[in-house]
1. Quick one: Thr271, Thr466, Thr365, fewest Cβ neighbours within 10 Å first, how do they rank?
2. For Glu200 and Trp452, what is the calculated FRET efficiency with R₀ set at 30 Å and r taken between the beta-carbons, to the nearest 0.05?
3. Assuming 0.36 nm per residue, please report the length gained on full extension of the stretch Asp383 to Asn504 beyond their Cα-Cα distance.
4. Can you give me the Cα centroid spacing of the range 248-263 and the range 156-173 in angstrom?
5. Rounded to the nearest 5, what is the percent of antiparallel bridges among the DSSP beta bridges in the chain?
6. As a check on your grasp of the helix formula, calculate [θ] at 222 nm for the chain: sum -39500 (n - 2.57) over DSSP H runs of n ≥ 4, divide by the residue count, round to the nearest 500.
7. Using only alpha carbon pairs under 8 Å that are at least six residues apart, calculate the relative contact order of the range 434-503 and give it in whole percent.
8. What is the mean projected area of the alpha carbon convex hull for the range 34-169, to one decimal in square nanometres?
Amino acid sequence: MKYLVIIFCLTFVCFSCDNNQKTEEIATKPNIVLIYADDLGYGDLSSYGMTNVATPNIDQIASEGLKFNNAHTSSATCTPSRFSLLTGSYAWRKNGTGVARGNAAMIIEPGRETIASVLKRAGYYTGVVGKWHLGLGPDGGPDWNGDIKPGPREIGFDYSFLIPATGDRVPCVFVEDYKVVGLEADDPIEVSYDKPIGDEPTGKDHPELLKMKHSHGHNNTIINGIGRIGYMTGGHAARWVDEDIADVITEKAKNFIQQRKDEPFFLYFSTHDIHVPRVPHSRFVGKSGMGPRGDALVQLDWCTGEIIKVLDELGLSDNTLIIFTSDNGPVLDDGYQDDAVTKANGHKPAGVLRGGKYSAFDAGTRVPLIVKWPGKVAIGESDALTSQVDFLASFATLTEQRFNKADAGDSRNQLDVLLGKSKIDRDHVVEKGHALSIIKGDWKYIEPNNGWRYNKFVDIELGNDTIPQLYNLKDDISEQNNLAGSNPEKTNELATLLNEIKNN
């Protein structure tokens, strides 16, 4: 009996030690919440100088954390910027990473290194909620009526609740893990981007059925009174209501946090706002005085506030690293007549920058970036040159993980910069509009390109030119004075560096 008591006590002590060790391990691993806005411009937040609309919840993160003034996405459009964010590799290195169709196959190959796979190895429960737009399913595209895989789970996510592509593309349904949410077996979904299918009305043929008319494109199958890109039939019970999208995905994000509050988690919360079609909930309609785009911005701020609130309520805020940023720069008229231009009231969504979404000029790729982790991240502003492609290596360093550099070869550890402990920024950043460009120090070089100089549909300068372009961003942040002709040495230096990176 005496020996049994000793054995029991030793077992209890060992068990307690294991529990204490686990508790300490959890306490030292911050939860990570990455809020990824859509089409949010450098000048769209009041913390970045906007005066037309207040964004108090996002501004709260900025006032309690570190605001970056020279942060960049790797691309001026959504699919490639998301690819680079998750994989740590520039999307232009891989064919098929342009803006994806709604029925595209999975673009990130199963088993490839991602932020999610790195953090999963570190003991995190990983989840993605919101816009995906990186393709789903095998070659040939997904079976919307069966198991939709490969998907996020095959690249490291434990849970997913997705807008498969974008709000303006079919299919207009949510996908949770491997299944379309609410799909009825007797009403199967069929999707086509090549030709009309079924007998559902289109925006082109039945404009009288539209509650939001198109300005260019977006005139295929009508879902919820809005013409989309692509054709869809079936899945009527599963179709989303645009006005409810923000509520639905925010609630899913909050549920994820609540269910995983006792273990380290990584949440990639990818909002739909402020992408088109901008159809905010009735609670936000008219709140901005700037039409649907401004109201969607108010809604985005509310979504962010809900995430902050649930972290506070659960006592998780002090041990949570929050990163708020955007996938690319802004656009006003992106295919729908939603008064974004006429009701801008002098608001400049790109601030002082030139261009916008789709552009090689800096408004296409310089985006808001705000980082908060109480007691760990410096409070204030940083002018350090940063890129989203570095999140993977930085998170790996934070959690003491190695990663496959063959997959994520463009990612660099910039953890100290993100935490505000260092002002030693990246040596250079490569970006992709229609043309490739490179920033090094104060200088930006845009390689010659034969594409359109101006996109009349979206009213944005694309930054393309048949001659090299060189700008000094310190003196000319708006990229108005091309110095390539007067400074051939710097032009050749950056052109050579860009070619080396391309060929590496």
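Throughout, read-outs are computed from the coordinates displayed, never taken from laboratory work. Keep in mind that what you see is a predicted model, and the values were worked out from it rather than measured. When we count neighbours, we look across all protein chains shown, and the Cβ atoms used for this are built from the backbone with ideal geometry, even at glycine.
1. Details: Thr271 27, Thr466 9, Thr365 31.
Taking fewest neighbouring Cβ atoms as first place, the list is Thr466, Thr271, Thr365.
2. Numbers: r = 33 Å, r/R0 = 1.10.
With a Förster radius of 30 Å, E is 0.35.
3. Working: separation 121, 0.36 × 121 = 43.56 nm, distance 2.80 nm.
Taking Asp383 through Asn504 to full extension adds about 40.8 nm, to one decimal.
4. Answer, in whole Å: 17.
5. The answer is about 50 percent antiparallel.
6. On the way: 9 runs with 118 residues, N = 504.
For the chain, the value works out to -7500 deg cm²/dmol.
7. Details: 101 pairs, mean separation 19.3, N = 70.
Once normalised by length, the contact order is 28 percent.
8. 9.7
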